[in-house]
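Notes to accompany the following structure.
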Amino acid sequence: MNSSSKSVAIIGGGISGLTTATLLQLSGYKTHIYAQELPTTEVLQSHQSPQFASLHAAASVLPHSVQTPKTNYWTAISQEYFRILAFTARYGVREQTHYEIFEQPFLEAPDYSRFLRNFEQLTNTDLLHEGVPRRPAADSASGWRFDVLFCEAPEYIAYLYELYRALGGTVSLLNSGPSKCSIAEYLKLDYQYYVNCTGHGASRFLSTNDVFDIDDRPNLPNYEPLNDMHEPRFLRGHYLRVDIKQPFTDAQGRFFSYNYTPTAAVYSTATGAPADVYCYPRSDCWILGGSRQFQDGPLDSSGAWTGEDTVSEQEIFTGYDGKQIKLPAAIFSLNDELLERLTQGRLSLRRLRSDRPDSILPGIGLRFQRSGNTESVRVACSRVHVGTEKYVLHNYGHGGSGFALSWGCAFDLLKLLDQMTDRRYSPAKPRRATFLTGHLATQVLLDELTQRLLNGELPISQFLTFSAGQSQIDRYGEPTSSHDETT
């Protein structure tokens, strides 16, 4: 491929790489994704350890634990894009009721409630309703419900690849391309611009003696040296994949999901803080969690976990390959208690496990951040010299917030690339009056939204007013300690 200011190599085909490539392609850049493996439903159905955690995600468009002052800003932008994609069910995106319930007397509404639809603080009367997840033995409770955007992960990713190709994007698997281990191999290709979306492999991927940084351009936006100065930070999560192929609906027939935090005496983290469980029903299965265990630093030489361990009672489940996996017992028992109450006894996980033991399968996923005190997410650019001047842009470190931040981070990366190529923004195109369907309609709406954001026509900046002072914000909108965890 001939190098030009509009040709970009995207390295990594997960949710961040795919979303970035789609937005750049939509905005007039010619992109090519290089991936080790594509996150398809065939990978998910192969019953192997997931190469792409994206397919196993609960995938609500809410920011889980992540360190960056731009959490809410990126999430707000992402929600604008996801609302367009939620117009039709075939894209795998929908809006549904979500509950956050805590066994505490009262909690103030979280900051992120400002950009959620139909946010409602629950009253004591609300919390006693059978349609609200609450442990019957709970002495007290508080919480809220709201409308959350939710991605059916396998369906959404398959659609996004379909849209990307319809926009002219192309893909190569790494078994027929350059080595997956080093940025130096990619820099031999005929591109001037590269986007690094390699996730947890970024430190190794960027570490090379064959590439020289050039840092003599102070006007380069968001400049950082190529090698990552931060150590990796991993967040481990246990979950159950339940073979129920229908979404969860309430008495009004609406889809809904929940996060539920009991007292620490019922379920706690290694630090003694209350831990939560969750239920995110998808059309292909239900994802039940979870645990949030923290490790600062890389995995050991064999890839084994050396971070926080499970301190609560554990239970053994049998995985796809017959291997036994220990999970915190509360993931099963507490969700079973909540779901049996919510369905008035129609669903019992205990009965399901007894009747169909292979229908409830365990999983353990790792989410990657960076160990910076304020910026675990890296959206930046590097200028390097490998016989000629080239640029590497970075978009990784999202922890458990890959979906929630996907469009927001991709949008910021688009702005960086536009500045570097000196591309001028044009006025937003008016929405077409004619009726459009399929990819063309989606393209028109996404393009219009992008142009309006680039021109500052939407008041997204308001969300920086309450996030800039918080270096880390968890899913409940509260600052968290350095040992907070996410699935």
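What follows draws every value from the coordinates through simple rules; no lab data is involved. Nothing here was measured: the structure is a model prediction, and the numbers come from that model. Heads up, the Cβs are rebuilt from the backbone with ideal geometry, glycines too, and the neighbour counts pull from every protein chain shown.
A few points about this structure:
- Entry note: the stretch 316-356 has Rg to Rh equal to 1.04, where both radii use alpha-carbon atoms and Rh is the Kirkwood radius.
- Computed over neighbours whose Cβ is under 12 Å from that of Leu149, the net charge equals -1, Lys and Arg +1, Asp and Glu -1.
- Based on the Kirkwood approach, the hydrodynamic radius assigned to the stretch 98-210 is 19.2 Å, with every pair of different Cα atoms included.
- For peptides 263-269, 331-337, sequence by mean Cβ density within 10 Å, most packed first: 331-337, 263-269
- Globularity index of the stretch 288-363, i.e. its alpha-carbon radius of gyration over 2.2 N^0.38 Å: 1.31
- Karplus (6.51, -1.76, 1.60) ³J(HN,Hα), θ = phi - 60°, over the stretch 204-215, in Hz, Gly and Pro reported as x: 5, 4, 8, 7, 7, 9, 9, 10, 10, 5, 10, 10
- Spin-label pair Glu389/Glu448, simplified geometry with 7 Å Cα→Cβ offset, distance in nm: 3.9
- Sequence of Phe256, Phe403, Phe106 once ranked by neighbouring C-beta atoms within 10 Å, starting from the fewest: Phe106, Phe256, Phe403
- Going by neighbour counts of Cβ atoms within 10 Å, the residues Trp286, Trp407, Trp144 line up, fewest first, as Trp144, Trp286, Trp407.
- In Hz, Karplus ³J(HN,Hα) per residue of the stretch 380-388 (6.51, -1.76, 1.60; θ = phi - 60°; x = Gly, Pro): 7, 9, 10, 10, 10, 10, 9, x, 8
- Volume of the Cα convex hull of the stretch 178-332, divided per residue and given in Å³: 225
- Charge sum, other residues only, whose C-beta stays under 13 Å from Gln121's C-beta, Lys/Arg counted +1 and Asp/Glu -1: -3
- Net charge, Lys245 excluded, C-beta distance under 11 Å - Lys, Arg +1, Asp, Glu -1: -1
- Estimated from the Cβ-Cβ distance and a Förster radius of 22 angstrom, the FRET efficiency linking Ser283 and Thr343 is about 0.80.
- Extension reserve of the Ser172-Ser312 stretch, reckoned as 0.36 nm per residue once the Cα distance is removed: 46.0 nm
- Taking the average, over residues, of other Cβ atoms within 10 Å as the packing measure, peptides 120-130, 289-299, 239-249 rank 289-299, 239-249, 120-130 from highest down.
- Bridgeable aspartates and glutamates around Lys30 (alpha carbons under 17 Å apart, same-chain partners fewer than 8 residues away excluded): Glu162, Asp190, Asp418, Asp422, Asp447.
- Kirkwood radius for the stretch 86-154, taken over all pairs of different Cα atoms as the inverse mean of 1/r, rounds to 13.4 Å.
- Under 5 Å, built H, 5+ apart or other chain: amide partners of Arg233: Gly297, Gln369, Arg370, Ser371
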